[in-house]
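In what follows, a single structure is set out as structure tokens and then discussed.
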Amino acid sequence: MDAYELITRNVDEAVTDEEVRDVADDPAGKRAYVGYEPSGVLHVGHLLTANKLIDLQDAGMDVVVLLADVHAYLNGKGTFEEIRETAERMKAQFLAYGLEEEKTEFVYGSSFQLDEEYTLDLHTLELETTLNRAERAMAELQSGETAKVSHVVYPLMQTLDIEYLDLDLAVGGMDQRKVHMLAREALPELGYEARPCIHTPIVADLTTGEGKMSSSEGVTISMEDSAEDLEEKVNSAFCPPTRDPEGDLENPVLEIFEYHVFPRFSEVVVERPDKYGGDVTYGAYEALAADLESGDLHPADAKSTLASYLDELIAPGREKLRELRA
């Protein structure tokens, strides 16, 4: 797999494809980033973009992980001391999950977001950005939450982070698209260069196949889950043997195979008794998905296999959490 294929594997959108190809033509030393608000234990949403960061490192790029402590403070996630303690735990979890330490730079937002030059640029953005435009780029509020001024400033800071971290590529889930589009519009107005960006998919809710899997509501998969927890959660997951003809529902079991398992394993082995067809080995996601849809692979066998592979991926981070809490 060449650099472009690694960079764009399991990506919903590249903006623009031509710019991303330019990055892929000479990826060595190029810098890509994802920003994470320190908010607790890593969950499946963090791990999806972490898989993409691993792809980028395999393509030859360097990775910057922004531990967005100022953003977390603006979002009411605690004192700076509490937020930084969480950030240090998250850093350890990312490395345990598989990011290469020598190719990963962890940066606290407060290390540059409180500097005079950054602050003045932020005020310039505030002058030039309409309230409606900033609100469109805001993260979706939780039910019942009232928007605050800090929520509007948040995406403007994300825009400036792309410049101040000296990046060649911005990475995020599709929920970050509006922020990245704001950055591509606003940075040139400040005399800075717009950067390309790639957007990873959002995994559907585990039990319904609707919306997105969320750590704040419903069932999610996290790095602190035990093997038994994973088995219980995956066994209860929505996993229809055929596609939704209306296209309204997704299959989260297949999505996790596609975005989490196959990028990290060269093959997936489904272990079955001989009376049910015996073991079967898949070298690609498409073959497993086709067998599930055709009935050659039973949903129960797909689920038990998924739980096993997720446990292998999560186990190092789970052990790291135990060490940190001891």
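Yes/no matrix, rows are residues, columns are (1) in the same structural domain as GLY295 (by TED's automatic domain parsing); (2) among the hydroxyl-bearing types (Ser, Thr, Tyr); (3) in a helix (DSSP H, G or I); (4) over 24 Å from HIS123 (Cα atoms):
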| position | (1), (2), (3), (4) |
| --- | --- |
| LYS178 | no, no, yes, no |
| ALA186 | no, no, yes, no |
| GLU193 | no, no, no, no |
| THR207 | no, yes, no, yes |
| VAL219 | no, no, no, yes |
| LYS233 | yes, no, yes, yes |
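Is it true that some residue in the stretch 182-204 is under 23 Å from ARG318 (Cβ atoms) and modelled with pLDDT under 95? Yes, the stretch 182-204 contains at least one residue that is under 23 Å from ARG318 (Cβ atoms) and modelled with pLDDT under 95. Listed here are the helices (runs of 4 or more DSSP H) enclosed by the stretch 245-326 that have at least 1 residues being at pLDDT below 95 and exposed (fewer than 12 other Cβ atoms within 10 Å of the Cβ): 285-294, 299-325.
Taking first residues from the stretch 62-83 that are over 16 Å from ASP161 (Cβ atoms) and partners that are polar (S, T, N, Q) and part of a loop (DSSP other than H, G, I, E, B), the Cβ contacts under 7 Å between residues at least 6 apart in sequence or on separate chains come to LYS77/SER39.
Please go through the stretch 248-276 and give me each residue that is more than 20 Å from ASN51 (Cα to Cα), free of Cβ contacts under 8 Å to residues at least 40 places away in the same chain and either in the same structural domain as ALA50 (by TED's automatic domain parsing) or not charged (D, E, K, R) (or both), ordered by number. Walk me through how you get there before you give the answer.
Filtering the stretch 248-276 down to residues more than 20 Å from ASN51 (Cα to Cα) leaves 248-250, 269-276.
Those still in the list that are free of Cβ contacts under 8 Å to residues at least 40 places away in the same chain too: 248, 269-276.
VAL269, VAL270, PRO273, TYR276, listed by residue number.
Scanning the stretch 106-151 for residues that are outside any loop (DSSP other than H, G, I, E, B), over 23 Å from the mean Cα position of the chain (by Cα) and β-branched (Val, Ile, Thr) yields THR119, THR124, VAL149.
Residue check: is ASP166 within 20 Å of VAL63 (Cβ to Cβ), part of a loop (DSSP other than H, G, I, E, B) and acidic (Asp, Glu)? In short, yes.
Checking the stated criteria, ALA186 turns out to be among the aliphatic types (A, V, I, L, M), over 17 Å from VAL34 (Cβ atoms) and buried (at least 20 other Cβ atoms within 10 Å of the Cβ).
Scanning the stretch 61-85 for residues that are in contact with a Gly (Cβ under 7 Å, 6 or more places away or on another chain), of a type in the set (A, V, I, L, M, F, W, C) and over 30 Å from GLU5 (Cβ atoms) yields a total of 1.
Taking the condition surrounded by fewer than 20 Cβ atoms within 10 Å (Cβ to Cβ), of a type outside the set (A, V, I, L, M), closer than 30 Å to LYS233 by Cα and touching a residue at least 60 places away in the same chain (Cβ under 8 Å), does GLY40 pass? Judged against the criteria, GLY40 is a match.
Scanning the stretch 210-232 for residues that are surrounded by fewer than 20 Cβ atoms within 10 Å (Cβ to Cβ) and modelled with pLDDT of 90 or more returns GLU224, SER226, ALA227, GLU228, ASP229, GLU231, GLU232.
From the list ASP311, ASP279, ASP225, ASP291, which one is over 27 Å from ASP55 (Cα atoms) and out of contact with any Cys (no Cβ under 8 Å at 6 or more places or on another chain)? Steps first, answer last, please.
Numbers: ASP311 fails: over 27 Å from ASP55 (Cα atoms); ASP225 fails: over 27 Å from ASP55 (Cα atoms); ASP291 fails: over 27 Å from ASP55 (Cα atoms).
Answer to the check: ASP279.
The values are calculated or read from the model by the stated rules, or taken from the named source; none is laboratory data. Note that the coordinates shown come from a computational prediction; the quantities given were computed from them, not determined experimentally. Every residue, glycine among them, receives a Cβ derived from its backbone with ideal geometry; neighbour counts consider all protein chains shown.
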